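Every number in this text was worked out from the coordinates using simple rules, so none of it is lab data. Here the structure is a predicted model, which is why all the values come from computation and not from measurement. Note: ideal-geometry Cβ built from the backbone for every residue, glycine included; neighbour counts use all protein chains shown.
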Amino acid sequence: MRWEDLVFVIILMISGEICAEEEHCDFPNVENGMLAQYYYTFKNFYFPMRLHKKLSFYCLAGYTTELGKQKAKTKCTTEGWNPAPRCIRKCSKPELSNGYISDVKVLYKIGDTMRYSCAAGYKTTGGKHVEEVRCLAHGWSSLPACRKERETCLSPELHNGNYYTTQKTFNVKDKVLYECAAGFYTAGGKQAEEVECLPHGWALTPQCTRSTCPTLRLIENGYFYPVKQTYEEGDVVQFFCHENYYLSGSDLIQCYTFGWYPESPFCEGRRNRCPPPPVPLNSKNQSYSQTYRQGEVVRIECELNFELQGPAEMHCENGKWTEPPKCVEKKGISCEQPPSIQNGAPIQNSRAYSCGDKVEYRCETGYQLRGPKEIECHLGQWSSPPECVKQTENCGPPPNITNGAVVGGVLASYTLGSSVEYRCNEYYLLNGSKTSHCEKGVWSSPPVCMEPCTLSEDDMTKNNIEMKWKTEGKVFHGDLIEFMCKEGYGLSPSTLPSELSVKCHRGEVKYPFCIRKEQMDNCGPPPNITNGSIVGGVLASYTPGSSVEYRCNEHYQLNGSKMSYCEKGVWSSPPVCIEPCILNEDDMTKNHIEIKFKNEGKVFHGDWVEFMCKEGYELSPSTHLSELSVKCHRGELKYPFCIRKERRNGCPPPPMPVNSKIHTHYHHHEEVVHIECERNFELRGSDEMRCEHGEWTEPPQCVGG
């Protein structure tokens, strides 16, 4: 084999491998984390992602990767994303004064425990010298601390809250109840809380604080307002870009109890959008977006046995795509003679046919073509030939379409296999095949012209909004329109900033609504809760500082503050009504158990239910006796299971002496029967009978005195 031939074979093998590699990994759902914003914006462009590609993901505040990092990469493999893109809650090793932690670990997973000890004269938060804490979803079960032992506690000065007593000094085990003002929370994260004085001080030091968000970083080519050292819950920050740059993402973000939402935007270059790219024929099918931004790239790949002519990438530059490549068939593959058909024949003009050659067919008298009138040589094979069928009913004029027309003139009659092409009026988007075919006297379904959206100045004025970017003429179906509030107006706190981006749908635009900024502090109706209701009537609007009280349905337990407060247009979190447990007789019968104490049938969340095995049944040796006590958790009970008793070296019922009473008890796992005679009868023999190796010891007698 010549060197040139060997190189050609290697190139073919490599290109075949590249073409055979399939797009494999779909858009991942990052648990407790997220991808970069542009992956969400251009999801259809980046996904599915090819094998061996890597993808970065980020963890939300308070979460880390398996290795304890804030950012990590995952790789697309034949098995999917590896490692799985997820973030888990981890607890960090705390700094401990007046005590020590023997463990060398720095980070702990959920469920891990950590033991710490306090120095002499100091106690743990639980009042002990040594205590073990567990890493939970919200952090440590109790924050490790060593506090000096004392006999009394002084109530600290309470800002933004009130005590329910005027007492200042409290003895150990005394409790004090305090409540925080609207928008402020106790040390335990509640509206009101009761804390206990322990030998080492308060179990949780009384204080009322706002939730805060992390400091914002400066954005490149832009700025934000207001700039603060500390942002509190409810604070809103607006972002701006320098001249010749525009925002990608929401220009408004808000501080919530869980952090900032949505994530901060970034500033990109001048806004020049491109339409969907001009994809060449014989290229691989891909999904494309309706619009593309300056600098975005689309990569073209050809189908098998086609090769690329021109650059593989097209770039969006100043609203236009760079020159697209072509996918041309690889040379050197010829076709045999064209196939013959019934009632017709090919019009041959050659003995040899190479790639791209075409042959036309003609039918005998009384027959007409069904299908293409010519076939083409492609990859060594002919395309499907037509059929010659008897002339049947022709088609009438093709159907009309709304907001469109047939290209060229319309005839009164069309033969079988004829076709017409449709086009839509200006600004209308063609949906479906642009060609309709005459088949057995019937036209195939024509396309639909999707109407554009015409923006109404009156509707925008009524809704106190205006266009964020100037748009000439009409907006195509499926395009996004970005609005912004007029000066002096803003979105209501219950409306997400993303609602300012609206999609044109079949000529209709759902306009967002902005309200005067002085009205933004008012609240609408308070949120409803499942299995509960609001005490008293509900109003349409509430002024800042207003509050409503919630109550739960019968047997449901209220979890959280029963009050919700209106502050800066947002209601504080309402409580949750936790469902009770309903005892199920069928489940108890199946598990051979019954209730130890009578019950009305419903058990409150958090209450314990004590069961016992039915007569003739017992717990299995591997089951602990404590499992007969079950806690009701959010409407669910884990019923224990009892098995039928077996006689393991047991004895039959004891031989009861005449004129006696029997008292049975267990002693060191050995059954003992005590015999007591009736009145006026005397015991002869031992007053005990023992069960030994399946038999009773000699019974006594009760004889008359």
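With R₀ fixed at 51 Å, the C-beta to C-beta distance from residue 351 to residue 73 puts the FRET efficiency at about 0.30. Packing around the peptides 98-104, 451-457, taken as the average count of other Cβ atoms within 10 Å per residue, puts them in this order, highest first: 451-457, 98-104. Taken along the Cα-to-beta-carbon direction at a fixed 7 Å, the label points for residue 171 and residue 154 span 2.1 nm.
How high is the relative contact order of the chain, in percent, counting Cα pairs under 8 Å that sit 6 or more residues apart?
Averaging sequence separation for qualifying contacts and normalising by length gives 4 percent for the chain.
Counted by Cβ distance under 14 Å from residue 140, the other residues give a net charge of +2, where Lys and Arg count +1 and Asp and Glu count -1. Site pair residue 381 and residue 82 shows an inter-label distance of 3.5 nm when each label is modelled 7 Å from Cα along Cα→Cβ.
Ranked from highest to lowest mean number of other Cβ atoms within 10 Å per residue, what is the order of the peptides 191-199, 383-391?
191-199, 383-391
Separation of the stretch 402-436 from the stretch 562-586 is 59 Å, based on Cα centroids. Listed peptides 579-588, 538-547 appear in the order 579-588, 538-547 once ranked by packing, highest mean of other Cβ atoms within 10 Å at the front. Computed on the stretch 162-257, with alpha-carbon pairs under 8 angstrom and 6+ residues apart, the relative contact order is 19 percent.
Both radii are taken from the alpha-carbon atoms of the stretch 167-289; with Rh as the Kirkwood radius, Rg/Rh is 1.31.
Sorted fewest first by neighbouring Cβ atoms within 10 angstrom, 475, 130 come out as 130, 475. Summing charges over all other residues whose Cβ lies under 13 Å from the Cβ of residue 175, with Lys and Arg as +1 and Asp and Glu as -1, gives -3. On the basis of the beta-carbon distance and an R0 of 45 Å, residue 402 and residue 286 show a calculated FRET efficiency of 0.90. Could you work out the Kirkwood radius for the stretch 488-549, taking every pair of different alpha carbons, averaging 1/r and inverting it, reported in Å? Result for the stretch 488-549 stands at 14.2 Å.
Against the set (i) 36.8, 138; (ii) 31.9, 101; (iii) 40.5, 138, the structure's computed Rg and Dmax of the Cα atoms in Å falls on (iii).
Computed about its Cα centre, the charge dipole of the chain is approximately 1160 debye, with only Lys, Arg, Asp and Glu carrying charge at their Cβ.
Counted residue by residue at 0.36 nm each, then reduced by the alpha carbon distance between them, the extension gain from residue 595 to residue 551 reaches 12.8 nm.
Per 0.36 nm of contour for each residue apart, how much would the distance between residue 413 and residue 521 grow if the chain were fully extended, relative to their Cα-Cα spacing?
Roughly 32.0 nm would be gained on extension.
Of the cross-linked pairs 486/510; 43/474; 590/631; 43/510; 43/468; 358/390, those separated by over 21 Å at the C-alpha level are 43/474; 43/510; 43/468; 358/390. Going by neighbour counts of Cβ atoms within 10 Å, the residues 634, 351, 690, 86 line up, fewest first, as 351, 634, 690, 86.
Centroid-to-centroid, using Cα positions, the stretch 677-705 and the stretch 281-309 are 100 Å apart.
Residue pairs exceeding 29 angstrom between C-alpha atoms, taken from 128/190; 434/503; 175/568; 105/228: 175/568; 105/228. A cut-off under 13 angstrom between Cβ atoms defines the neighbours of residue 105, and their net charge, with Lys, Arg +1 and Asp, Glu -1, is +2.
Working note: 222 nm ellipticity from helices only, DSSP H runs with n ≥ 4, each -39,500 (n - 2.57), summed and divided by the residues of the chain, gives -1500 deg cm²/dmol to the nearest 500.
A full extension of the chain between residue 56 and residue 585 corresponds to an added length of 185.1 nm, given 0.36 nm per residue minus the alpha carbon distance. With respect to the chain, whose longest principal axis is taken over its alpha-carbon atoms, helix 3-20 is tilted by about 50°.
Round to the nearest 0.05 the FRET efficiency obtained for residue 102 and residue 218 when R0 = 25 Å and r is the Cβ-Cβ distance. Could the numbers behind the result be given before it?
Values: r = 43 Å, r/R0 = 1.71.
It comes out at approximately 0.05.
Rg and Dmax over the alpha-carbon atoms of the stretch 404-450 stand at 11.1, 34 Å.
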